[in-house]
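Student: Please find one structure pasted underneath; my questions will follow.
The values are calculated or read from the model by the stated rules, or taken from the named source; none is laboratory data. Model, not experiment: these values are computed from the prediction. Ideal geometry is used to build each Cβ from the backbone, glycine not excepted, and the neighbour counts take in all protein chains shown.
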Amino acid sequence: MSIFVIDDHPLMREAVVMLIRRLSSKATVTELDRLAAVMPAVQQHGVPELICLDLKLPDTNGVSGVRELKHQFPDVPLIVLSAAPAQDYEDLSIEAGADAYIQKSAGATEISNVLRVFLSEELDPESTTPTEKLSKRQKQLLVMLDKGMSNRDIAEELQISEHTVKVHLWRLFRRLNVKSRSQASHLARTQGLL
């Protein structure tokens, strides 16, 4: 799996790379310090399969980098790793196209948990029938969504962070080829998955 880690702080970038390498020995990681380095890296290494992006770079600030990367690579999952508090930028990042938002202050365990979900894509390819081979956790999420539980309620019930819940939901929606909680619940009911 090819991953671009884009962060202008060498220590943070190296820490994220170390986490990725610990989680996936097969990952090929390209470290970049600015958005302008992305296209030359694509020419050299090919299109990435995952992007980890800091919001504040020398050549971009805020969610403009998210928009630019999602415009160039609409099908590549993008994780924002930011020092900015979630209440300031999480919703804006998701609206701009990010698949997950993690505060750098979250710590290695939580960051690893979110990365693990995206890295496991290589171990868990999409099936031809989206409802086949749902994991136990995905079936659990469908039941909770059908009950109308919020992300906070799900996090408390499963004893995981809300960030991890959002990432699990992202994977579930992608697997089911739906865009919302209500679509997932409807599909689960009509396909007999509950």
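Student: Just one of (1) modelled with pLDDT under 85; (2) on the phi > 0 side of the Ramachandran plot trips up G148, so point out which.
Tutor: All conditions pass for G148, except number (1).
Student: On the given criteria, is R116 at pLDDT below 90 and touching a helix residue (DSSP H, G or I) at 6+ places or on another chain (Cβ under 6 Å)? Spell out how you get there, then give the answer.
Tutor: Numbers: at pLDDT below 90: yes; touching a helix residue (DSSP H, G or I) at 6+ places or on another chain (Cβ under 6 Å): yes.
Yes, satisfied.
Student: Here's a check for you: in region 77-93, which residue that is assigned to a loop (DSSP other than H, G, I, E, B) and in contact with a Lys or Arg (Cβ under 8 Å, 6 or more places away or on another chain) is farthest from D7 (Cα to Cα)? Show your work before the answer.
Tutor: Let us first name the residues in region 77-93 that are assigned to a loop (DSSP other than H, G, I, E, B), namely 77, 83-85.
Next, only the ones that are in contact with a Lys or Arg (Cβ under 8 Å, 6 or more places away or on another chain) stay: 83-84.
Values: A83: 11, A84: 14 Å.
The qualifying residue farthest from D7 (Cα to Cα) is A84.
Student: I'm told V42 meets every condition in (1) surrounded by fewer than 21 Cβ atoms within 10 Å (Cβ to Cβ); (2) under 24 Å from R174 (Cα atoms) except one. Can you identify the failing condition by its number?
Tutor: Unmet for V42, out of (1) surrounded by fewer than 21 Cβ atoms within 10 Å (Cβ to Cβ); (2) under 24 Å from R174 (Cα atoms): (2).
Student: S93 - would you say it is among the polar types (S, T, N, Q) and within 21 Å of R171 (Cα to Cα)? Quick ask: steps written out before the conclusion?
Tutor: Numbers: among the polar types (S, T, N, Q): yes; within 21 Å of R171 (Cα to Cα): yes.
Answer is yes for this residue.
Student: Could I ask something else about it? Could you list all residues from region 33-67 that are within 17 Å of the chain's Cα centre (by Cα) and among the charged types (D, E, K, R)?
Tutor: Within region 33-67, E49, D54, R67 qualify.
Student: Please verify whether L55 is under 17 Å from D7 (Cα atoms) and touching a residue at least 40 places away in the same chain (Cβ under 8 Å), treating the condition exactly as stated. Explain how you work it out, then say what you get.
Tutor: Details: under 17 Å from D7 (Cα atoms): yes; touching a residue at least 40 places away in the same chain (Cβ under 8 Å): no.
Against the criterion (under 17 Å from D7 (Cα atoms) and touching a residue at least 40 places away in the same chain (Cβ under 8 Å)), L55 does not qualify.
Residues are listed down the side, and each one gets a yes or a no for (1) in contact with a Gly (Cβ under 6 Å, 6 or more places away or on another chain); (2) acidic (D, E); (3) in contact (Cβ under 8 Å) with a residue 24 or more places away in the chain; (4) assigned by TED's automatic domain parsing to the domain that holds L119:
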site	(1), (2), (3), (4)
D146	no, yes, yes, no
M149	no, no, no, no
E156	no, yes, no, no
S161	no, no, yes, no
W170	no, no, yes, no
L176	no, no, yes, no
A184	no, no, yes, no
T190	no, no, no, no
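Student: Something else: Residues being more than 12 Å from D54 (Cβ to Cβ) and buried (at least 21 other Cβ atoms within 10 Å of the Cβ): count how many of those fall in region 99-116. Explain how you work it out, then say what you get.
Tutor: To start, the set of residues in region 99-116 that are more than 12 Å from D54 (Cβ to Cβ) comprises 99-100, 105-116.
Still in the running and buried (at least 21 other Cβ atoms within 10 Å of the Cβ): 99-100, 111, 114-115.
So the answer is 5.
Student: Output the number of the condition that P74 fails; it satisfies all remaining conditions of (1) assigned to a helix (DSSP H, G or I); (2) surrounded by fewer than 20 Cβ atoms within 10 Å (Cβ to Cβ); (3) not acidic (D, E).
Tutor: Looking at each condition in turn, P74 falls short on (1).
Student: Something else: Keeping to region 19-40, report how many residues are free of Cβ contacts under 8 Å to residues at least 12 places away in the same chain and farther than 21 Å from L57 by Cα.
Tutor: 2
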